[in-house]
Amino acid sequence: YNGYQSLLGAYAMVDLPLMEKLRMEAGLRYEGNNMVTESLNKSIEKGELNDHDILPAINLTYAIIDNMNLRFAYTRTLSRPTFREIAPFASFSPVAPTIVGNPDLKRTLIDNFDLKWEYFLRSGDIISFGLFYKNFMNPIEMVDNPVAVNPEISYQNVDKAKNYGFEVDFRKKLDFINAFSNMSFGLNFAYIKSEVSIDELELESIRALDPEHPDTRPLFGQAPYIVNALLAYANNELGLNANLIYNVTGPRISLVTKGGTPEVYQQPFNGLDFNISKTIGKYFTLAVNADNLLNSINKEVYTYKEVDYSFYEYSLGRTFGIKLAYNFK
């Protein structure tokens, strides 16, 4: 297929103090977008988007004290389908179901509300706590086709969805311990609750097997929690830097199923990466990295009668790299 997209954008914004401790940043963005996918077979329907959107944003910052802020923000954002998602044809894979584009997809509009408290203990040290709420109109989900002769996946819009939760961010230098004077630690944790209303006919099929099933489910691709942690070492005198990075994302729907069959869930993937770099003389830098040290498995499962069945899984393996760079000065 051939794909074409044109995007026209314009914005205006203002940044001004409202009171001694209260500051406002506000603006509007206009986006006019035209997106077309056309099969080389001209008899097949085109996939096309033609949208004009006004996207407002406002950010209020109140300085409680010199190093402590309270922030409130509202923004409207959008998410467009990719060319492949609206392409009017089927693509084949030897290891996965056939994927069929949906030329009738709409773009997603998202209203975002955020309230955040942040405290800067000193340079490089911060603790913050935030609450958020997101309202989705026409979110896009990956779904299976239960009436297809062979396994088949496509994309569809659902009417609406919502996300809400909280996020904690903590960063601290460890120089209060002599042995760790060049080290710092960071932790970010987010808890997310997401809800999509299940279609009445689909809910009837589900409750035929599970009468107690709720009338909502999580949003496609949205994990209930995300954890990121960082242990860093930086010694400018030696030109030595090192980072140990851990992250994990909670189980999330990777395929929405129909006909009362269980959804497919991407399982948590525990990632642990390490990188180190050292300057050599004035011009050279030697860097070594090691990824997926835990050798975690990428796995998707569906659960029936409290038993997990593998839908798709593979091992990424551990990856090691080394790089020598020359810096022109």
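General remarks:
- Between Gln5 and Leu244, the modelled labels are 4.0 nm apart [label points 7 Å from Cα along Cα→Cβ].
- Entries in Lys134/Lys299; Lys106/Lys305; Lys134/Lys305; Lys21/Lys134; Lys172/Lys299; Lys193/Lys258 that, when Cα-Cα distance is taken, lie over 24 Å: Lys134/Lys299; Lys106/Lys305; Lys134/Lys305; Lys21/Lys134; Lys172/Lys299
- Projected area, mean over directions - the chain, Cα convex hull, nm²: 23.8 nm²
- Computed on the Cα trace of region 278-329, the radius of gyration divided by the Kirkwood hydrodynamic radius gives Rg/Rh = 1.39.
- Residues Asp273, Asp125, ordered by accessible area of protein heavy atoms at a 1.4 angstrom probe radius and largest first, appear as Asp273, Asp125.
- Inter-probe distance in nm under a simple model that places probes 7 Å from Cα toward Cβ, at Ser91 and Leu40: 1.5 nm
- Principal-axis tilt of helix 200-209 within the chain, Cα atoms, nearest 10 degrees: 90 degrees
- For the chain, modelled as a GNM whose springs connect Cα atoms under 10 angstrom apart, the maximal fluctuation among Glu300, Glu45, Glu20 occurs at Glu20.
- Site pair Thr216 and Ser310 shows an inter-label distance of 3.5 nm when each label is modelled 7 Å from Cα along Cα→Cβ.
- Ranking Phe185, Leu324, Asn145 by how far each Cα lies toward the positive end of the dipole of the chain (charges on Cβ) leaves Leu324 at the top.
- Computed accessible area, Leu8, all protein chains, 1.4 angstrom probe, square angstrom: 110 Å²
- Measuring only protein heavy atoms, the 1.4 Å probe finds Leu18 accessible over about 90 Å².
- Sequence of Ser205, Ser315 from largest to smallest accessible area, 1.4 Å probe: Ser315, Ser205
- Contact order normalised by residue count of region 94-164, Cα under 8 Å, 6+ apart, percent: 36 percent
- By the rule of a C-alpha distance below 14 Å, with chain neighbours fewer than 8 residues away ignored, no aspartates and glutamates are paired with Lys323.
- Across Asn50, Asn145, Asn112, mean-square fluctuation computed from a Gaussian network of the chain (C-alpha pairs under 10 Å connected) peaks at Asn50.
- Among the protein heavy atoms, those of Tyr164 account for about 80 Å² of accessible surface (1.4 Å probe, every chain in place).
The values are calculated or read from the model by the stated rules, or taken from the named source; none is laboratory data. It should be emphasised that the depicted structure is a prediction, and the values quoted were computed from it without experimental measurement. Neighbour counts run over all protein chains shown; Cβ positions are idealised from the backbone, glycine included. Heavy atoms of the whole protein, side chains included, go into the accessibility calculation; ligands, DNA and RNA do not. Shrake-Rupley method; radii C 1.70, N 1.55, O 1.52, S 1.80 Å.
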